[in-house]
1. Given P326, T351, F370, which one lies farthest toward the positive end of the charge dipole of the range 324-371, if we put +1 on the Cβ of every Lys and Arg and -1 on the Cβ of every Asp and Glu?
2. Expected output is a single nm value to one decimal: the length gained when fully extending between D202 and Q287, i.e. 0.36 nm times separation in residues minus the C-alpha distance. What is it?
3. Please name which of I236, V132, V214 has its Cα lying farthest along the dipole of the chain towards the positive end, using unit charges on Cβ (Lys, Arg +1; Asp, Glu -1) and the Cα centre as origin.
4. Just need the relative contact order of the chain here, percent rounded to a whole number, with Cα pairs under 8 Å and 6+ apart.
5. Based on DSSP H runs of at least 4 residues, each adding -39500 (n - 2.57), what is the mean residue ellipticity at 222 nm of the chain after dividing by all its residues, to the nearest 500 deg cm²/dmol?
6. Between E353 and D116, take the C-beta separation as r, use R0 = 45 Å, and let me know the FRET efficiency to the nearest 0.05.
7. Could you give the length gained by full extension between A57 and K231, i.e. 0.36 nm per residue of separation minus their alpha carbon distance, to one decimal place?
8. Rank L122, T226, T294 by how far each Cα sits towards the positive end of the charge dipole of the chain (+1 on Lys, Arg Cβ; -1 on Asp, Glu Cβ) and give me just the farthest.
Amino acid sequence: MTATTSSTFTSPLAEAISADVLARFLRYVQIDTQSREGSDSYPSTPKQLDLLRLLAAELAELGLEDAQVDAHGYVTATLPATPGVTAPTVGFIAHVDTSPEAEGANVKPHVWRHYDGAPLTLPGDPRQVLTVDESPALRQQIGNDLITSDGTTLLGADDKAGVAEIMTAVAYLKEHPQLRHGPVRVAFTPDEEIGQGTRYFDIKAFGADVAYTVDGSDAGEIEDETFSASKVVVTIRGHGIHPGYAKGKLVNSIKLAARLLSRLPADALSPETTEGRQGYVHPNAVQGGVEQTTLTFIVRDFDAAQLERHERLIQDLAAELQRDEPRAHVTAEVSRSYRNMKEYLQDHPRTIEAAEEAIRRAGLTPKRAFIRGGTDGARLSEAGLPTPNLFDGAHDYHSVREWVSVQDLASATATLIHLSQVWAE
């Protein structure tokens with residue numbers, strides 16, 4: 001595994017920083033940082049602190065004197081403004097945890113030089129083959145250098161690509177004091193993959209006027225719109241009794257839960273039947289037994305009114321189940337998760353305009369996009385810190401076929417360097 005690269009870069013700056021961002025990325029992905037649903041601790045797994053502490057130490061070695069890991073695991077640091085520059089404080093944010101949906105330990109990254117478009121069989125599991133048919137974004141990578149895992153784990157580019165890009169950008173700005181920029185604040189967070197990335201994030205202490213999460217995908221993309229999201233928990237309480245003497249007495253909450261699920265639309269309103277701006281109702285967890293069963297739904301839509309309709313669908317199904325079986329006790333509780341960041345970013349157009357200019361300077365064409373999901377930026381924007389999401393170049397997230405190219409890592413890093421300068425102009 002070497003740090004040399006091919007020459008298909010979008011700018012001289014991208015090529016100049018490619019070796020550094022690649023080396024950092026390969027180092028970070030080999031540290032297991034998988035988060036865990038249902039944990040009572042924060043971070044949800046102590047192993048996330050292995051990388052968080054390393055990043056704080058590396059930031060301190062770069063000369064960022066206030067680099068620290070706080071009591072909740074957040075890493076923050078400040079790159080001071082170039083002397084004489086007065087400009088807004090810009091924040092760059094990425095999360096260190098990897099998804100619980102695929103194995104995250106013992107990552108063995110592989111660099112594939114000068115990709116030619118042919119299928120790539122991952123060496124640890126020959127069943128895992130990268131093809132342009134299944135991952136069309138590969139068509140844009142002909143001649144580039146791809147990075148994958150060996151096929152037995154995820155790669156961890158979500159979001160260690162963003163982590164490596166921020167670290168490389170800060171190092172480059174620190175080493176080139178002639179580049180004029182305002183104050184840059186850096187933050188690395190745990191537990192984003194389980195929806196807890198900003199749980200204890202102190203916006204006031206962070207002190208940024210505007211921020212960017214670096215957690216997107218396609219090169220050149222700025223994501224300024226997300227789903228709005230809710231969680232609905234349906235609790236069904238039945239009546240358990242010895243099954244040998246249950247006639248006329250047993251009320252099986254498992255069967256009632258199955259009845260409710262069977263009444264969801266069969267060909268609509270689910271992740272597997274929707275795309276684009278279509279929302280969905282997704283049962284993603286079932287827990288319980290005869291006496292009590294809990295169904296957890298995640299509900300998503302770009303439109304707030306539609307989101308409320310999806311919430312009411314589940315509430316209506318719960319009420320219908322209660323009428324069908326009055327001996328049971330059925331409740332449906334709705335809680336707010338996050339709201340579409342566009343509602344908040346539309347009041348801060350400069351945030352997007354600056355990112356578009358930085359992307360152009362990095363040799364790319366800026367593209368506005370939306371996310372069929374959420375980011376830490378959605379919650380931060382709602383809380384008062386405008387935070388769109390920038391590309392990090394990674395693809396096929398949460399999968400053992402996850403990949404990123406060296407060239408896109410470098411382009412994303414160059415974008416951050418230019419963005420720091422744009423805000424100082």
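1. T351
2. 27.2 nm
3. Positive-most Cα among the choices belongs to I236.
4. 24
5. Per the formula, -9500 deg cm²/dmol.
6. 0.75
7. 58.9 nm
8. T294
The values are calculated or read from the model by the stated rules, or taken from the named source; none is laboratory data. These figures come from a predicted structure and were not determined experimentally. FYI the Cβ positions are ideal-geometry reconstructions off the backbone, even for glycines, and counts take in every protein chain you see. Side chains included, ligands, DNA and RNA excluded: accessible areas come from the protein's heavy atoms. Shrake-Rupley method; radii C 1.70, N 1.55, O 1.52, S 1.80 Å.
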